[in-house]
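What follows is one structure encoded as structure tokens, with my remarks underneath.
Just so it is clear, none of the values below were taken in a lab; they were calculated from the coordinates. Computed from a predicted model, the values in this text were never measured in an experiment. All Cβ positions, even for glycine, are placed from backbone atoms using ideal geometry, and neighbour counts span all protein chains on display.
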Amino acid sequence: MTAPAIQVRGLRKIYGDATVLDGVDLSIETGSIFALLGPNGAGKTTLITILATLTGADSGTAMVAGIDLAADPEGVREAISLTGQYAAVDQVLTGEENLRMLARLSGFTSAGARDRASELLERFELTDAAGKRVGSYSGGMRRRLDLALGLVAEPPVVFLDEPTTGLDTRSRQALWRTIRELAAHGTTILLTTQYLEEADALADRIAVLDGGRIVAEGTPAELKARIGGEVVELRSADDALLREIPTDGSVAGLQEAMDLIAADPGRAGLRVSVRKPSLDDVFLALTGHRTASSHGDEATTEREELAA
């Protein structure tokens with residue numbers, strides 16, 4: 001049996017009086033896409049930052065790509081790539097120059113750096129923009145270049161911390177295709193995201209982090225099954241969502257939901273619909289509120305904790 005690409009046991013991190021991570025356990029299979037969900041301040045970015053060796057844990061253990069994080073942080077750094085919310089590229093250089101420069105810094109010969117840059121430009125559909133300054137790139141192009149830069153040395157593990165924040169739908173879906181292709185070639189991906197549809201579309205498994213603890217873990221289907229069979233929605237005449245009632249999917253469960261609605265004296269002029277549960281329902285049930293993105297607020301994660 002293949003050893004997990006990432007193994008975390010009892011990881012804790014405290015900033016002042018705030019316990020940001022409170023005994024986190026994770027096991028992520030090699031070549032899988034694992035999504036980490038949670039409200040702002042839940043500890044998602046802190047966990048990524050610890051696993052990327054950018055800050056230390058107060059207690060607990062972690063193995064990344066078979067390397068002990070505490071015993072050999074340099075070995076872990078050589079085995080990973082970290083891509084965040086903001087593209088870390090040189091805006092003045094061209095896309096090709098960014099890639100060739102990093103390849104040389106990674107130990108490639110001049111010819112090898114040129115070949116690697118060409119390979120990655122083609123892989124990430126940036127060949128036509130290779131000679132253009134990155135400052136002229138769209139947000140989606142810069143994000144793809146940032147991911148390409150992280151793969152110059154072909155790391156077996158990639159951390160993606162909210163990589164599609166701020167991208168339009170088309171750019172986001174293009175990056176999803178790239179992420180799927182990476183996993184298909186054996187790269188292990190740990191992804192944090194505010195977009196639940198992103199986790200649903202990409203992840204083999206999902207963990208929900210709340211208050212520094214993993215409160216649920218499973219496949220998207222397993223997590224949604226925890227909510228029940230269907231969700232009954234009550235909407236106004238202008239389609240505004242007024243109420244949601246999860247059910248177990250049985251006739252009796254649906255009837256109970258309808259009885260609750262029928263007992264509402266203000267139901268006149270309203271309409272009812274039934275849908276399958278979503279990850280947003282799971283998130284709400286587990287954390288008590290919806291994600292920031294479900295309200296159109298693309299808030300940043302717990303950067304303030306890391307600066308503390």
*asked:* 7 Å from Cα along Cα→Cβ at both Gln173 and Arg9: what's the point-to-point distance in nm?
replied: 4.4 nm
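Between Asp90 and Ser138, how high is the FRET efficiency from 1/(1 + (r/R0)^6) when r is the Cβ-Cβ distance and R₀ = 22 Å? Nearest 0.05. Walk me through the numbers on the way to the answer.
Working: r = 17 Å, r/R0 = 0.75.
Plugging the Cβ-Cβ distance into 1/(1 + (r/R0)^6) gives 0.85.
Taking K and R as +1 and D and E as -1, what net charge do the other residues with C-beta under 9 Å from the C-beta of Leu279 add up to? Let's see the in-between values first.
Values: positive: Lys224; negative: Glu197, Asp200, Asp280, Asp281.
Taking every Cβ under 9 Å from that of Leu279, the sum is -3.
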*asked:* Looking at the chain as a GNM with Cα springs under 10 Å, which of Ala225, Ala71, Ala199 has the largest mean-square fluctuation?
replied: Ala71
*Just tell me which lysines come within less than 21 Å, Cα to Cα, of Lys276; anything on the same chain fewer than 8 places away is out.*
Lys224
*Cα-projected label distance for Val215 with Thr2, points at 7 Å along beta-carbon direction, nm*: 3.2 nm
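In nm, what is the difference between 0.36 nm times the number of residues separating Ser110 and Asp204 and their Cα-Cα distance?
Numbers: separation 94, 0.36 × 94 = 33.84 nm, distance 3.85 nm.
Additional length available on full extension: 30.0 nm.
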*For the chain, what is the calculated [θ] at 222 nm in deg cm²/dmol (nearest 500), taking -39500 (n - 2.57) for each run of four or more DSSP H residues and dividing by its residue count?*
-10000 deg cm²/dmol
*Efficiency of FRET between Thr127 and Leu242 - r from beta-carbon atoms, R0 45 angstrom, step 0.05*: 0.35
_Can you give me the angle between helix 169-184 and the longest principal axis of the chain, using Cα atoms only, in degrees from 0 to 90, rounded to the nearest 10?_
70 degrees
*asked:* How many angstrom lie between the Cα centre of segment 1-78 and the Cα centre of segment 180-202?
replied: 17 Å
*With labels modelled as points extended 7 Å from the Cα through the Cβ direction, what inter-label distance (nm, one decimal) is found for Arg226 paired with Thr55?*
2.6 nm
